[in-house]
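This report concerns only the one structure given below.
Bear in mind that the values in this text are calculations on the coordinates, not laboratory data. Since the model is a prediction, treat every value here as computed from it, not as a measurement. Because the Cβ atoms are built from the backbone with ideal geometry, glycine has one as well, and the counts that use them run over all protein chains shown.
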Amino acid sequence: MLEVSFKVLKIRLYNVVAPQPWGATVTHSQGIVKGRIDTLLEGEMKRIREYANNGHVALGDEVLEYFRWRDGA
């Protein structure tokens, strides 16, 4: 598995969200799945855990380290 550090690539990522009511119906997953935000959350959390277990998503201290680097702290 190839692992490339965000510090080497110097990539800065930002999440931009549009606030919506918790019970709003949204389109999710490449426009395929629709549902209320509060009901879609459980599935999304499951996927995040699976991605993290496979090394595809950073969690915890690694994310905080990235934010500190990104924001120059």
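Charge dipole (Cα centre; +1 on Lys/Arg Cβ, -1 on Asp/Glu Cβ; no other charges) of the range 21-73 amounts to roughly 240 debye. For the chain, trypsin sites (Lys or Arg not before Pro) are listed when DSSP marks them as loop and at most 16 other Cβ atoms sit within 10 Å of their Cβ; the list is Lys10, Arg12. Here Lys46 is the anchor, and the lysines within straight C-alpha reach of less than 22 Å, apart from those fewer than 8 places off in the same chain, are Lys34. Across the range 56-65, coupling constants 3J(HN,Hα) worked out from phi with the 6.51/-1.76/1.60 Karplus curve, θ = phi - 60°, read 9, 9, 8, 9, x, 4, 5, 5, 4, 4 Hz, and Gly and Pro carry x.
Do any GluC sites (Glu not before Pro) in the chain lie in a DSSP loop with no more than 10 other beta carbon atoms within 10 Å, and if so, which? Before the final figure, lay out each step's value.
Working: sites: Glu3, Glu42, Glu44, Glu50, Glu62, Glu65; in loops: Glu3.
Answer by residue number: Glu3.
For the pair Val63 and Thr27 in one chain, pulling the backbone fully straight at 0.36 nm per residue adds 10.3 nm over the alpha carbon distance.
Would you calculate, for the chain, the mean residue ellipticity at 222 nm contributed by helices, counting each DSSP H stretch of 4 or more residues as -39,500 (n - 2.57) and dividing by all residues, to the nearest 500? Mind dumping the intermediate values first?
Details: 3 runs with 31 residues, N = 73.
That calculation yields -12500 deg cm²/dmol at 222 nm.
Please compute the net charge surrounding Tyr14, taking Lys and Arg as +1 and Asp and Glu as -1 over other residues with Cβ under 15 Å from its Cβ. List each step's numbers first, then the result.
Numbers: positive: Lys10, Arg12, Arg68, Arg70; negative: Asp71.
Counting the neighbours of Tyr14, the net charge comes to +3.
Short version: what are the Cα gyration tensor semi-axes of the chain, square root of 5 times each eigenvalue, largest first, in whole Å? Could the numbers behind the result be given before it?
Values: eigenvalues 155, 53, 26 Å².
Rounded to whole Å, the semi-axes are 28, 16, 11.
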